[in-house]
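Here is the structure we will look at, set down as structure tokens.
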Amino acid sequence: MSSKPDSNNVHSAQNLHGSIPNGAHTAVDVVLDTAYQGIDSNNWSDLFKLARKSELPEFIADMFAGKHINQSEDRPALHSALRNLSKSPVILDGQDVMPAVTDVWRRIEALCNKWVGVTDVIHIGIGGSDFGPRLAIEALAHVPDIESRGMRMHFLANIDTAELARILDRAQPNSTRVIIVSKSFTTLETTMNAKAVVAWLKDNNCTKGQIAKALFAVTANVPAAKEFGIADDHIFPFWDWVGGRYSVWSAVGLPIALQYGFKTFEEFLAGAHAMDLHFKNAPLENNLPVIMALALLYQQEKHGIKAYAAIPYADALDWFPKWLQQLDMESNGKSVGKDGKPVKYSSPVVFGSAGSNAQHSYFQLFHQGPEIIPIDFIAVRKPMSARPESLAHHRILLSNCLAQAQALAHGKTDSNPNNVYPGKRPSNLLLLPELNAFYLGALLALYENRAGTLGALWNINSFDQPGVEYGKVLAKPIEKALASGSDQVVANESVDAITAERINFLNSNS
Ligand code: F6P
């Protein structure tokens, strides 16, 4: 961060106050410093013009107004209503959705007060029905003074039985609760894992009544959950106007409330709501999700970047990049736009992991690799632990974060080409005052709104995911062929010659 005014970033000068550095913006006490993006004031002004030309303000207004911006599925993307703690009406097709949303809040709160003697929670869900609650449970566990019920929270996503076996080895059947989370309630991994967990309860002599008491569902397909055998009052609905990867704010976030209390869940929603209000109301020039999206677009134009990284310098946020991968790549990893025509840009590959660990892994490539990979450095001002050594450790953590950004920006010359750092490698610094439920909510909503903004700039519908279906369809005949045990499978309309050979190899060795 530069303490001197940076003429390259004069566009931001008007929103600076107190100790916020030049080149930085703030919203909900989250500071975004773009000083190392290498974007000058003329570039910024062109970028904001482009945003207006791309009708970004209209997109933002339409999203919050419940217009059907997910046009391929003819639905709105109203996840913002799930955290609308003001309860102001959100009208969808002539009806206010807030009474249904608040009813679910009331039920979550009531359930929190009712749960006693629970030792284990098995949360079964995958993708958007997994990453959000898993990230929040992990992240908030690091908050030093958080109230926690201390239940063992197990997340079961993969169909691979390794995860199932590990969890069932640890959980105590008589005091376990199971939450089956699936928007569609048809996802194979989830329904099969759910059946396996029910079988485990039975095998451990749980009675029908005990099993009914243990099972809960969170879904937009209530009939399927009932059909599975979940009691009506154990089913928490959400709605088709919530994308799976945008759903942690719904009852999908139930584990957060159950483990840390309803108040903490509300704080999580409050942080996200505050970020929504900022996104909805702030001028583009001061709007954090918009600025971040435009900076990425600039780097695409300038360097043709194909990847970007998010590096949280906080162990508590280790799951954040995985959550972000689905958010960005499932939302915007598309080749055609809303008009069905090829798009110029779409989501780069997204990756990352906690710093400083990441420095000791792939940062070599950031510094000296031939590709330019923009980075979001995410840091937290306050240490996450009250241990006596935490201040000293945190200083080192922060100094590493700042040093990496500086080294990447400026590079270093040397007579030995091996020791040359080319520099001019762009990065953002995102600074949270502390990591708690409120700022976690604000951080996730910031990136959600950034994903929507990028979709609007790229002319992509960020709220469908048709590309994930084809592989699921092909898996069915392949599974059938594997189940046949035959090593004489021949290519047919659903299995090509290479895959047939692989099936035969697997079957011949089974
Ligand atoms: O296959 C991708 C996907 O549909 C994601 O979009 C979604 O988050 C995940 O599967 C789980 O879906 P569901 O919540 O319907 O089980």
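Here each label is just a point 7 Å from Cα along the line to Cβ, and for SER335 and GLN488 those points are 3.9 nm apart.
On the basis of the beta-carbon distance and an R0 of 30 Å, ASP74 and ASP145 show a calculated FRET efficiency of 0.05.
Pairs exceeding a 25 Å alpha-carbon distance, out of LYS53/LYS344; LYS306/LYS334; LYS67/LYS306; LYS67/LYS87; LYS49/LYS341: LYS67/LYS306. Note on TYR470 and ARG52: their simple-model spin labels are 4.0 nm apart, each label 7 Å out from Cα toward Cβ. Full extension of the chain segment joining ALA409 with LYS424 gains 4.9 nm, where the gain is 0.36 nm per residue of separation less the Cα-Cα distance.
With a Förster radius of 45 Å applied to the C-beta separation of SER45 and ASP103, the computed FRET efficiency comes to 0.45.
The alpha-carbon of LYS213 sits under 18 angstrom from the alpha-carbons of these lysines, leaving out residues fewer than 8 places away in its chain: LYS114, LYS195, LYS202, LYS226.
Distance from the Cα centroid of segment 94-138 to that of segment 68-82 is 21 Å (rounded to whole angstrom). Across the options ASN509, PRO289, SER54, the greatest Cα extent toward the positive end of the charge dipole of the chain (unit charges at beta carbon of Lys, Arg, Asp, Glu) belongs to PRO289. At a Förster distance of 35 Å, what's the computed FRET efficiency of ILE396 paired with ARG502, Cβ-Cβ distance as r, to 0.05? The calculated FRET efficiency here is 0.10.
One decimal place: the segment GLU479-HIS303 gains 59.1 nm when fully extended, by the rule 0.36 nm per residue minus the C-alpha distance. Each Lys and Arg adds +1 at its Cβ and each Asp and Glu adds -1 at its Cβ; summed about the Cα centre, segment 468-508 shows a dipole of about 120 debye. Remark on ARG152: its backbone amide H falls under 5 Å from those of ASP120, VAL121, a criterion applied only to residues 5 or more positions apart or on other chains, H modelled at 1.01 Å from N. Dividing the alpha-carbon radius of gyration of segment 468-508 by the rule-of-thumb value 2.2 N^0.38 Å gives 1.08.
Extension gain, VAL349-THR186: 0.36 nm per intervening residue step, less the Cα-Cα distance, totals 55.9 nm. Per residue, the chain reaches -13500 deg cm²/dmol at 222 nm when only DSSP H runs of four or more residues are counted, each adding -39500 (n - 2.57).
Measuring max minus min along each principal axis, the C-alpha atoms of segment 340-429 give extents of 56, 47, 19 Å (largest first).
Compared with the dominant principal axis of the Cα atoms in the chain, helix 469-484 is inclined by about 40°.
Every number in this text was worked out from the coordinates using simple rules, so none of it is lab data. Small disclaimer: the values here were computed from a predicted structure and weren't measured. Because the Cβ atoms are built from the backbone with ideal geometry, glycine has one as well, and the counts that use them run over all protein chains shown.
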